Every structure is written in structure tokens, then in C-alpha cells.
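Structure record follows, encoded as C-alpha cells.
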Amino acid sequence: MKKFYTLIFLLAILLSPAKSQERLESSGQIPILAWYGIPAAETTIARYQELKDAGITFHFSGFPNADAMQKALDVAAKVGIRMVVSCPELKSDPEKTVRRFMNHPAVAGYHLIDEPNIKLYPELAKWAKQIQAIDSNHFCYVNLFPNFADSTQLGTRDYRKYVSECAKQIPLEFLSFDYYPVLKDHLSKTWYENLEQIADESKKANKPFWAFALTTNYDEAHLTPQTLAAIRLQVYSDLAYGAQGIQYFTYWSATSINAPSGEDQRGAPITATGKRSVVYDRVKLMSEEIKNLSGVFLGSKVAWVRHTGKGAIPGGTIRLTSLPNPIKVLDTGGAPALVSLLEKGDNAFFVVVNKDFINSINLTVFGDESLKKVLKDGTIVPASAYESTLELDPGDAAIYMFPKARK
């Protein structure tokens, strides 16, 4: 009889529901796009599975013709990758090309142009409307210059006008811009101002924006190895400003697929020889973090973004002077940090990014019993389970959560 009751007790333990760790809920995942992805000559299931294994969900690369595009779409569909259509026929015969691809399960959207001059907007608007008259279920994609582009490139001296007119004239679901701020031992001075500009214009246009992280080398100023810290700093800064899509430039070494700029790129996740570099594994880890933290960033609204540290803050940004309840203390020891308050549903998220991609900082965050900490795997624990002062790795982010203040 004793053995019988022991067996019943063990079965009750095994069959009872385990106490699960609290986790973030998310309606989806932040899109992750590979720019200059797999070249047409490498269109195989193995290559596309390799792309997916790196956590990438969207693929973009120019294809030489519609048949090559078709083959890539067919392969992408088999492994669950979505693609941005880009082939010459999309321009020369948009109606026929869109009708050919619009019902394909792997289609995400249609690429129009990279870094256009403002004078091209009317033409691009006409093209986008041609496409959307046939297929309104998939987006048209235009990527904009960064704010350091000159007036000859932009077609105007006013960068804000360059962005706002794009949003007004071209029927786009989201804005996109590129900026690669990580130099050998410092950040570009105007990067955070560019994020401020794009985030603000995006809000005015009521459109989300997508941003980039550099994952290759492409000129003398950007020969720094693409470390996990450098990639994290770009991604978490983008997300803290409200980016709703992350784009890696590049996935495959653009040197091997005739980059239109003629840039000699090295150190991409997949090299010119078709082999993985160490950056592949870093991108894979970063993509996993983005996926796990989509519950924080996807669909969140940015309440504000601030900067802190002993030195001068970046031009065009605002210094942190107050903290939201329930946070009582925030101290970075004078180190530069980005601080963002996001709101989503009933929750608020307090994001602190270490803006140093070389050195760690000692971060102190202290609040009341309602403050929780969001871990990299998406689980949620009381902030009090950790020490108030923790080391924050180079380029990394610490994320806290609490009930949103009632208005």
C-alpha cells in the first residue's frame, strides 16, 4: 500500500502543470532583412536554410531577370523566407511582373530604389501606384540616404524635407534609411541626430520606420571588425528609437555580387568565397535576441528618448533630466548611455543602451517592487532578483518593465 501511495504522489507531480516562467507576449516578430543576400547563382535550399538559421526573415538581393527571381521565390517559400522582389522587369513591365509574382507565398514586397534623389519622387510615386493598383497586399520599398549626404545626392539642402516629401509623395508602408555609425574607435557624430529626425518624421507621417546595422566592412573608415558589441549597439539604438524592422548590410559579401557602388566589402556573414565568417554567428545571436525581445519593441510607441553621460550629448538629442515612476535611481557612472521609454498596452519598458562598443559600464537601476527586468530570452523576473548595480556589456541593452502610468 505504501508503494501504491508513493506512485500516486509521483504521478501527481509529473502530471501537474509546471510553474512556468513569466514571458513576454508578442503578436509577431520584428522583421529582420538581409541586404545583398544570396546571389542568384547560389539559389539552393541549403543556402536559404542557412539564411533562415541565422534568424533572418526577409531577403533582398537584385536578380538578373524575372526567371531567376521566380526560382529564388520558389526556394525561399520551401524554407519559410519572404523576399523583396527586385529584377529589371519590375521596372520595364511592372504590370506583367507584379501579376506574375503577387500571389506567390514568399513575396513580401517590391524594391523600387536605393538612396533616391528627391527629384525622383514623382516618378517613384507613379511606379509605386502602378504596382499597388494591381497588388495592394505587399509593400513597396524605398531606402533613403543618411543625413550626412550632400545636397547633390539629396536634391535639397533640407534633410527633413527629403524625408517628409518621401513619406508624402510615395505610397510606402514604412520609411527606411541607412547609416553606418561605428568607426574604428568612435561613433559618427550625426547618427543619433539622424535617428531623431527619422523617428520624428515617421511619427508625423504615421508610418513606422526600418533601420540598419552594418555587418560588413566597406571603406577605410569602416574597417573595424563587426563585433557583437558593434552590431548590438546599432540594433538596440534603432529599436530604442522605435524601429519596427532591422536590416543587416550586408549578408553576402557584396564584392562578389557586383555592388553597384563598387565598394570593396569584406567580413560579411558570408564571404566572397561563400564560406561563413565569424560574423555569421554574431548575426545569428543578434537575430535570436531580436526575436525574443519582439514583445518589447514590436508595436511599441516611443514616449521619449534621452541621452546621459558626463560629456556632451550628441547634437539634436535631449539630455536625461528626470526618471519615470517607479524608477528611483539611474546611474551610469558618467558613461554615455541612451535611455528610452516605450509604451505598449498596459506596460512601459525602460531601455538603457551602453553607447560604448568597446568598454562595459556599471549600470545602477533601482525602483520599487513593481519594477521587473526583461531578460534576453524574453522571460520576466522581478528586478529585485538582481543586484541594483550590474555590468552592462559594450553596446548592450538593459530592459526593465513596469505598469504604464494612467493618464
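One table, with the values for the structure above:
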| read-out | value |
| --- | --- |
| The chain - charge dipole about Cα centre, Lys and Arg +1 at Cβ, Asp and Glu -1, debye rounded to 20 | 1060 debye |
| Dipole magnitude of region 138-216, debye to nearest 20 (Cβ charges: Lys/Arg +1, Asp/Glu -1, about Cα centre) | 140 debye |
| Amide proton proximity set for A149, modelled H, under 5 Å, gap of 5+ | none |
| Bridge type composition, the chain - antiparallel percent by DSSP, nearest 5 | 60 percent |
| Neighbour net charge for T43 - beta-carbon separation under 15 angstrom, K R +1, D E -1 | 0 |
| FRET E, pair K96, I45, Förster distance 30 Å, beta-carbon r, rounded to 0.05 | 0.60 |
| Most mobile listed residue (G299, G345, G80) in the chain, GNM with C-alpha springs under 10 Å | G345 |
| Vicinal HN-Hα couplings computed from phi for region 241-253 (Karplus, 6.51 cos²θ - 1.76 cosθ + 1.60; Hz; Gly/Pro x) | 7, x, 3, 10, x, 10, 10, 9, 10, 10, 8, 9, 4 |
| Gained length - I134 relative to S384, 0.36 nm times residue gap less alpha-carbon distance | 84.5 nm |
| For region 301-403, with +1 on Lys and Arg beta carbons and -1 on Asp and Glu, the positive-most of S370, N325, S360 along the dipole | N325 |
| Karplus 3J(HN,Hα) series, Hz, for region 339-351 with 6.51 cos²θ - 1.76 cosθ + 1.60 (x for Gly, Pro) | 10, 10, 10, 10, 10, 8, x, 8, 10, 10, 10, 10, 10 |
| Convex hull of Cα atoms in region 276-407, direction-averaged projection (nm²) | 9.0 nm² |
| Net lengthening on full extension, K78/D53 (0.36 nm per residue, minus Cα-Cα) | 7.6 nm |
| 20 Å Cα-Cα reach of K96 towards aspartates and glutamates, excluding residues that sit fewer than 8 places from it in its own chain | D67, D74, E123, D135 |
| 3J(HN,Hα) from dihedral phi, region 383-394, Karplus parametrisation 6.51/-1.76/1.60, rounded to Hz, x for glycine, proline | 4, 5, 5, 10, 4, 5, 10, 10, 7, 9, 4, x |
| Residues V329 and N103, FRET efficiency given R0 of 51 Å [Cβ-Cβ distance, rounded to 0.05] | 0.40 |
| Dipole magnitude of region 268-407 about its Cα centre (Cβ charges: Lys, Arg +1; Asp, Glu -1), debye to nearest 20 | 500 debye |
| Within a Gaussian network of the chain (alpha carbon springs, distance under 10 Å), most fluctuating of Q130, Q197, Q234 | Q130 |
| Cα extents of the chain along the three principal axes, largest first (Å) | 77, 64, 44 |
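Every number here is computed from the coordinates shown, using simple stated rules; none is lab data. Please read these numbers as outputs of a predicted model, since none were measured by experiment. All Cβ positions, even for glycine, are placed from backbone atoms using ideal geometry, and neighbour counts span all protein chains on display.
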